[in-house]
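Everything on this sheet refers to the single structure shown next.
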Amino acid sequence: MRTKWLIHLAVVAVPVLVIAGWIGSYVIHVENSATYELPVRGFDPRDLLSGHYLRYQVDYGQPVACPERTPEWCLCLRPSQPFARVNWQGQCSDAACNTPLKGSCTTGSFVAGIERYYFPERYTRELAIVPPASSIIVSVSGSGKGVVKSFIVDGEPLQDWLQSKAVEP
Amino acid sequence: MLVTDKKIDLWVKEGLLTADQANAIRNFEQSQKGGRSWVIYGITAIGIAAIAIGVISIVAGNWERIPPYTKLGVYILAQAGLGAALYRVLPVAGKVREAVMALFALFFFAGIGLTAQVFNISSNGWSGLLFWCGLTLPVVTLAGSRPLPYLWFIVLLIAETQWMLIEQQRFVRHMTEVQSRLTFASLSIYVFFAIGVLLPKVTKAAQHLAEACRVLSFLLLFVGGSFLGTVVWYVGYAELGSGMPANIIGTARFIPWIGLLLAAPAMLLRSSKADRKVAWALSVSFVMLAVFTTLPLVFALDAHRIAGTVLSILLWWSLAMAAVYAGRKRLFDLLTLAITIRLLVVYFEVFGSMLATGVGLIISGVLILFIAWIWYRFRDRLAEMVQRL
């Protein structure tokens, strides 16, 4: 009887704790990791919308030499004004910094999981293309995972920029 | 069967029931009806749906204004609340338990999607689905009805397919992409089948999940195999061999035979003495499947529709025999009907041009009716005959 009670408790509680822990890990990552601001640009000239996500290319300041079919490739970012720049790139095992940004080169270009940003559906018209002077704030954890914290347009957060566009005649 | 007063009166009149028995049945039915008022259920469902839609509308309308961490916090609380509700109803079998269980499991999809949205997580598709499968596996093993375990297994298959299409080539370097996908996909289905067969022998839990593994894998193998085998026999090795690289053909030749080594021992290990005939019949079916899908590839045979048709009929017949031994009369009827339809397809392949004429149509119609009558008259005797073997 007691065993059954414990099993039922485990069956219900463990998945909830696991997903709460997963969410918590992202919160900790975003709040406690090093952050960099990187400029972004659209694909030429129109951008592809994937559902409610804005997709873009990240400008690292220099070409990323991406060997094809490389499952892991790392970039070391150096904070600078106005945007962070790449000062090293190569195999992750040889990384020349403590928190490299980890990505992959399986599709021929460097992809780090930071190439999209969610926006509300009603702004589809305003965000048909990536606005000029756009950049993203990325937090990079010790494990190399990058998470997009915010999307900046011409120095102001995307939400504020969208609202200011809505107010304009 | 709906028991009406009219039926009860008829049974009393025919002497099948006494008056006292008839009254007892009426009283019993009346007490059941009192506990189950569908009008109340319907009104309650409409009310709950209206509240739920109202809440969702308010949330959706103010979605951007809600801070991200508030959304996540509310989700975790809601998921935990559902968990608490499930914990209360788990000991009591019934529809409420299954409904709460399904809601608890499906709500994890909302959590995974919300987290991906808040943190702009790029997804390859399969990792989210696999994460859901991992989170819900414990609760799915306790399911007392079929929908949730079957859904779980289908999601697992979708995740596996996506993984195979996107990621697999990283891990299998000495095989070509198509070769590795072919091998992995085919063998994984045999593995799932074997797990579904053996799991009930290991534990009493997860009965419906084991059934989902068995049934869906079996369907994929035999329906997919029937289609594939027909193509192989209709197209022939010469055409296939010129169109496909040799290593793909080579890989396709051995997969069903390796699969047989997984499936047959699983069935024989699990079966009791009474089920031994079923296990052997199913093993024969797997041998037929392997022969049907690989013979032209092994011996470089040309297209041969007659041989292909005969082998496909033998495959379905071996399944029909297994159905009889397992006491599944309806399944036997379905399989013999499939064989009947296959024979009709042969007729139309040979004499299809006759359908352009009125006489041809009449002859075809008469033949269809005759075959249907033969099947209807003799299926029961056929089943008895097989049972005596």
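The values are calculated or read from the model by the stated rules, or taken from the named source; none is laboratory data. Predicted model only: the values in this text are computed from it and were never measured. Neighbour counts run over all protein chains shown; Cβ positions are idealised from the backbone, glycine included. Surface areas here come from the heavy atoms of the whole protein model, side chains and all, with no ligands, DNA or RNA. Shrake-Rupley method; radii C 1.70, N 1.55, O 1.52, S 1.80 Å.
A few points about this structure:
- Extreme residue, surrounded by the fewest Cβ atoms within 10 Å (Cβ to Cβ), among residues of the stretch B:112-136 that are among the polar types (S, T, N, Q), within 8 Å of chain A (Cβ to nearest Cβ) and outside any helix (DSSP H, G or I): B:S122
- Filtering B:V155, B:V139 for residues that are open to solvent by less than 20 Å² (accessible area, probe 1.4 Å), more than 13 Å from chain A (Cβ to nearest Cβ) and assigned to a helix (DSSP H, G or I) leaves a single hit, B:V155.
- Of all residues making up the stretch A:65-77, the number that are surrounded by 14 or more Cβ atoms within 10 Å (Cβ to Cβ), more than 18 Å from A:I136 (Cα to Cα) and more than 14 Å from every other protein chain (Cβ to nearest Cβ): 2
- Among all residues of the stretch B:50-62, there is at least one that is at pLDDT below 75, surrounded by 12 or more Cβ atoms within 10 Å (Cβ to Cβ) and not in a loop (DSSP other than H, G, I, E, B).
- On inspection, A:S80 does not qualify as outside any loop (DSSP other than H, G, I, E, B), open to solvent by 20 Å² or more (accessible area, probe 1.4 Å) and either farther than 27 Å from A:G155 by Cβ or at pLDDT below 85 (or both).
- Condition met for B:L103 (more than 11 Å from chain A (Cβ to nearest Cβ), hydrophobic (A, V, I, L, M, F, W, C) and either in a helix (DSSP H, G or I) or over 21 Å from the mean Cα position of the chain (by Cα) (or both)): yes
- Residue that is nearest to A:T70 (Cα to Cα) [pool: residues in the stretch A:104-116 that are within 10 Å of another protein chain (Cβ to nearest Cβ) and open to solvent by less than 40 Å² (accessible area, probe 1.4 Å)]: A:S104
- B:V310 surrounded by fewer than 16 Cβ atoms within 10 Å (Cβ to Cβ), β-branched (V, I, T) and more than 20 Å from B:L221 (Cα to Cα): no
- Any hit, the stretch B:138-156, residues being at pLDDT 90 or above, over 17 Å from the mean Cα position of the chain (by Cα), aliphatic (A, V, I, L, M) and farther than 13 Å from B:C213 by Cβ: yes
- Sole residue being of a type outside the set (F, W, Y), modelled with pLDDT of 85 or more and either over 15 Å from the mean Cα position of the chain (by Cα) or not in a strand (DSSP E or B) (or both), chosen from A:V12, A:V40: A:V12
- Filter pass, B:V92 being open to solvent by 30 Å² or more (accessible area, probe 1.4 Å), of a type in the set (V, I, T) and in a helix (DSSP H, G or I): no
- In the stretch B:71-96, of all residues being more than 21 Å from B:I112 (Cα to Cα) and at the interface with chain A (Cβ under 8 Å from one of its Cβ atoms), the one that is nearest to the chain's Cα centre (by Cα) corresponds to B:L90.
- Annotation: of all residues in the stretch B:142-152 being of a type in the set (G, A, S) and within 14 Å of chain A (Cβ to nearest Cβ), the one that is least open to solvent (accessible area, probe 1.4 Å) is B:A143.
- Qualifying residues in the stretch B:2-30 (those that are under 22 Å from B:K95 (Cβ atoms) and open to solvent by less than 70 Å² (accessible area, probe 1.4 Å)) - the one modelled with the lowest pLDDT: B:V3
- The set of residues in the stretch A:87-130 being touching a Ser or Thr at 6+ places or on another chain (Cβ under 9 Å) and of a type outside the set (S, T, N, Q) consists of A:K102, A:C105, A:F110, A:V111, A:A112, A:G113, A:I114, A:E115, A:R116, A:Y117.
- Checked against (1) within 7 Å of chain A (Cβ to nearest Cβ); (2) over 20 Å from A:L9 (Cβ atoms), B:F108 passes all but a single condition, namely (2).
- Residues satisfying the stated conditions in the stretch A:129-144, i.e. open to solvent by 10 Å² or more (accessible area, probe 1.4 Å) and part of a strand (DSSP E or B): A:I137
- Filter pass, B:F109 being aromatic (F, W, Y) and open to solvent by 30 Å² or more (accessible area, probe 1.4 Å): yes
- When B:F184 is tested against the conditions (1) within 14 Å of chain A (Cβ to nearest Cβ); (2) in a helix (DSSP H, G or I); (3) modelled with pLDDT under 90, the lone failure is (1).
- Boolean, A:V12 is surrounded by 13 or more Cβ atoms within 10 Å (Cβ to Cβ) and touching a Gly at 6+ places or on another chain (Cβ under 7 Å): yes
- Criterion violated by A:Q62 - all others in (1) in a loop (DSSP other than H, G, I, E, B); (2) more than 10 Å from every other protein chain (Cβ to nearest Cβ); (3) surrounded by 13 or more Cβ atoms within 10 Å (Cβ to Cβ) satisfied: (3)
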